[in-house]
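Each remark here refers to the structure printed beneath this line.
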Amino acid sequence: MSVFFKWYTTSVKRSPRLTNGIMTGSLFGIGDAVAQVFFPENGKKKYDAARTFRAVFYGSIIFAPIGDKWYKFLNGKIVLKPGEHWINNVARVLCDQLIFAPACIPVYYGVMTLFEGKSIASAKEKIQNNFSSTLVTNWYVWPWVQLLNFSVVPVHHRLLTVNFVAIFWNTFLSIKNSKVTDDNKKIPVNYPPIPE
């Protein structure tokens, strides 16, 4: 593992965008692959390589640059009391969980739905259906991970740390994103009401 971290540290210093893009995209892809193999939707047996590619593309092109800039911003700008390590870290976790998480969840569901070739209306519906439950689940997991991350991990390794933990999180997101709303189970609403 030390060989990997040595390689990663050298690579992230030499070419941070490319390294973070490759790592983040790969780990989003692994999360999707785990979701498809171990938690297939409705007993589906066929592996959807395009779905994994969409996850890799989202992770490397969209999430990696945003996440990298966010962690650098938190480290450099969120300082309530200089020299007060724990107060500053708690403030960073609060910012991360009250600003970044609620902003990233709709971006993920919206972009992934559009990548699937579906409409903006479908993206809005998926966001509405999944936002609250995903955010609550996020709050069970990420504050503790981030408190540790901000406390002991150097800033240039924070995105990598998040990405390794996020293999499980990405699996969860992939499962939730793959759930299809069954239009046949929806109760029709007639307006104006039709008397029986």
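The values are calculated or read from the model by the stated rules, or taken from the named source; none is laboratory data. Because the structure is a prediction, the values reported are computed rather than measured. For neighbour counting, all protein chains shown are included, and Cβ atoms are generated from backbone atoms with ideal geometry for every residue, glycine included. Remember, those area values only see protein heavy atoms, side chains included, never the ligands or the DNA or RNA. Shrake-Rupley method; radii C 1.70, N 1.55, O 1.52, S 1.80 Å.
Is there any pair with a first residue in the stretch 18-32 that is more than 8 Å from Val56 (Cβ to Cβ) and without any contact (Cβ under 8 Å) to a residue 40 or more places away in the chain and a second that is part of a helix (DSSP H, G or I) and aromatic (Phe, Trp, Tyr) whose Cβ atoms are under 8 Å apart and which are 6 or more apart or on different chains, and what are they?
Thr19/Tyr8
Quick check on this structure: which one of Phe131, Phe28, Phe73 is open to solvent by 30 Å² or more (accessible area, probe 1.4 Å), aromatic (Phe, Trp, Tyr) and at pLDDT below 95?
So the residue among Phe131, Phe28, Phe73 that is open to solvent by 30 Å² or more (accessible area, probe 1.4 Å), aromatic (Phe, Trp, Tyr) and at pLDDT below 95 is Phe73.
Considering only residues that are β-branched (Val, Ile, Thr) and in contact with a Phe, Trp or Tyr (Cβ under 9 Å, 6 or more places away or on another chain), look in the stretch 100-114 and name the one that is most open to solvent (accessible area, probe 1.4 Å).
Ranking the qualifying residues of the stretch 100-114, first place goes to Val107.
Go through (1) without any contact (Cβ under 8 Å) to a residue 60 or more places away in the chain; (2) among the β-branched types (Val, Ile, Thr); (3) assigned to a helix (DSSP H, G or I) one by one and return the number of the condition Thr171 breaks.
With respect to (1) without any contact (Cβ under 8 Å) to a residue 60 or more places away in the chain; (2) among the β-branched types (Val, Ile, Thr); (3) assigned to a helix (DSSP H, G or I), Thr171 is out only on (1).
Would you say Gly67 is open to solvent by less than 70 Å² (accessible area, probe 1.4 Å) and either without any contact (Cβ under 8 Å) to a residue 24 or more places away in the chain or not in a helix (DSSP H, G or I) (or both)? Walk me through how you get there before you give the answer.
Numbers: open to solvent by less than 70 Å² (accessible area, probe 1.4 Å): yes; either without any contact (Cβ under 8 Å) to a residue 24 or more places away in the chain or not in a helix (DSSP H, G or I) (or both): no.
No, not satisfied.
For residues that are surrounded by 14 or more Cβ atoms within 10 Å (Cβ to Cβ), in a helix (DSSP H, G or I) and not aromatic (Phe, Trp, Tyr), scanning just the stretch 115-128, find the one that is nearest to the chain's Cα centre (by Cα).
Ranking the qualifying residues of the stretch 115-128, first place goes to Ile127.
Please specify each residue of the stretch 143-165 satisfying the condition of being at pLDDT 85 or above and closer than 18 Å to Ala33 by Cα.
Val165
Between residues in the stretch 102-119 that are without any contact (Cβ under 8 Å) to a residue 12 or more places away in the chain and residues that are open to solvent by less than 60 Å² (accessible area, probe 1.4 Å) and not in a loop (DSSP other than H, G, I, E, B), which pairs lie under 6 Å by C-beta distance while being six or more apart or on different chains?
Here the result reads Leu114/Ala123, each pair linking the stretch 102-119 to a residue that is open to solvent by less than 60 Å² (accessible area, probe 1.4 Å) and not in a loop (DSSP other than H, G, I, E, B).
Would you pick out the residues in the stretch 149-183 that are out of contact with any helix residue (DSSP H, G or I) (no Cβ under 8 Å at 6 or more places or on another chain) and closer than 19 Å to Met23 by Cβ?
Selection gives Pro154 alone.
Given the criteria open to solvent by 30 Å² or more (accessible area, probe 1.4 Å) and under 21 Å from the mean Cα position of the chain (by Cα), does Leu80 qualify?
In short, no.
Does the stretch 176-190 include one or more residues that are closer than 24 Å to Pro40 by Cβ, at pLDDT 85 or above and open to solvent by less than 20 Å² (accessible area, probe 1.4 Å)?
The answer is yes; a qualifying residue exists.
Among (1) open to solvent by 80 Å² or more (accessible area, probe 1.4 Å); (2) over 17 Å from Val155 (Cβ atoms); (3) aromatic (Phe, Trp, Tyr), there is one condition Tyr58 misses while meeting the rest; what is its number?
(1) is the only condition that Tyr58 fails.
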